[in-house]
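First up is the structure itself, then whatever we jot down about it.
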Amino acid sequence: MITFKEFIINFTNIKHRIERACKESGRAVSEVKLLPVTKTHPVDAIKYAAQVGLTSAGENRVQEVKAKKPLYKGNCSWELIGHLQSNKVNEAVSLFDRIQSVDSLKLIQKLNSACEVSGKVLPIFLQCNAGEDPNKYGFNEASMSEALEMVLSSAFLKCEGLMTIAPLDHNPSSTKACFEKLRMIRDSLVSEFKIELNDLSMGMTQDLEEAITAGSTLIRVGSALYGSRA
């Protein structure tokens, strides 16, 4: 684990990148939030983030949060950003404050049922495979309307936005196309269903500038803040 001094340097660099990208794209910095991705890092990563005003944590695995959450006594909004297996749904509902990676109709049904049992209304994002990457989870573009319609008919789920991960081909043009497509899908859904979908969770360490230009409101950053994962 890096030192807090090293974290501050990294955090400052990320802030500058976000500010520069917002300025270049004509957006207000206040429109873009930073989600520290603390997966595989010890609970100190969450403590570091809290000291600079970041009170959310992005995690990939239910079991890791189950072990880590009792160790942190501060205020933290736990967000699941990794694929959720059906047999982990009940635990995920009890552990997480928001699930960004809702990627199938079956998962929507299971989450709503688990939330009904627990009496919890759960904020979610629908994950879209906007880059059409065969190695990525997520709804395809044609399925997004059906997915959102199911969420809207689910009494214990609240869709707050969409999430995507760009193809890992290191091609700036495909990254840009992926992010712009998610924004267009969001705009189309808003028009079709006459609702608000304010959040677009897209962009990570390597492509946050492209994401901000395309309209991202939530950047997920791990390695640029905390260094290489354990």
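The values are calculated or read from the model by the stated rules, or taken from the named source; none is laboratory data. Bear in mind the structure is a predicted one, so any value in this text is a computation, not a measurement. Quick reminder, even Gly has a Cβ in these numbers, built from the backbone with ideal geometry, and neighbours come from all protein chains shown. Note: accessible area is taken over every heavy atom of the protein model, side chains too, but ligands, DNA and RNA are not part of it. Shrake-Rupley method; radii C 1.70, N 1.55, O 1.52, S 1.80 Å.
Side notes on the structure shown:
- Filter result for residue 176 (at pLDDT 95 or above and open to solvent by 40 Å² or more (accessible area, probe 1.4 Å)): no
- Of 2, 14, all but one fail to be touching a residue at least 60 places away in the same chain (Cβ under 8 Å), touching a Gly at 6+ places or on another chain (Cβ under 8 Å) and hydrophobic (A, V, I, L, M, F, W, C); the exception is 2.
- Scanning the stretch 212-230 for residues that are within 13 Å of the chain's Cα centre (by Cα) and more than 16 Å from residue 54 (Cβ to Cβ) yields a single hit, 216.
- Subset of the stretch 21-72 (residues that are over 29 Å from residue 85 (Cβ atoms), β-branched (Val, Ile, Thr) and surrounded by 15 or more Cβ atoms within 10 Å (Cβ to Cβ)): 32, 52
- Counted residues, the stretch 25-47 - those being over 15 Å from residue 219 (Cβ atoms), in contact (Cβ under 8 Å) with a residue 60 or more places away in the chain and assigned to a helix (DSSP H, G or I): 1
- Residue check for residue 145: at pLDDT 95 or above, part of a loop (DSSP other than H, G, I, E, B) and open to solvent by 10 Å² or more (accessible area, probe 1.4 Å): no
- For the stretch 189-209, a residue qualifies if it is assigned to a helix (DSSP H, G or I), in contact (Cβ under 8 Å) with a residue 40 or more places away in the chain and either open to solvent by 50 Å² or more (accessible area, probe 1.4 Å) or touching an Asp or Glu at 6+ places or on another chain (Cβ under 9 Å) (or both), and the qualifying residues are 192, 193, 209.
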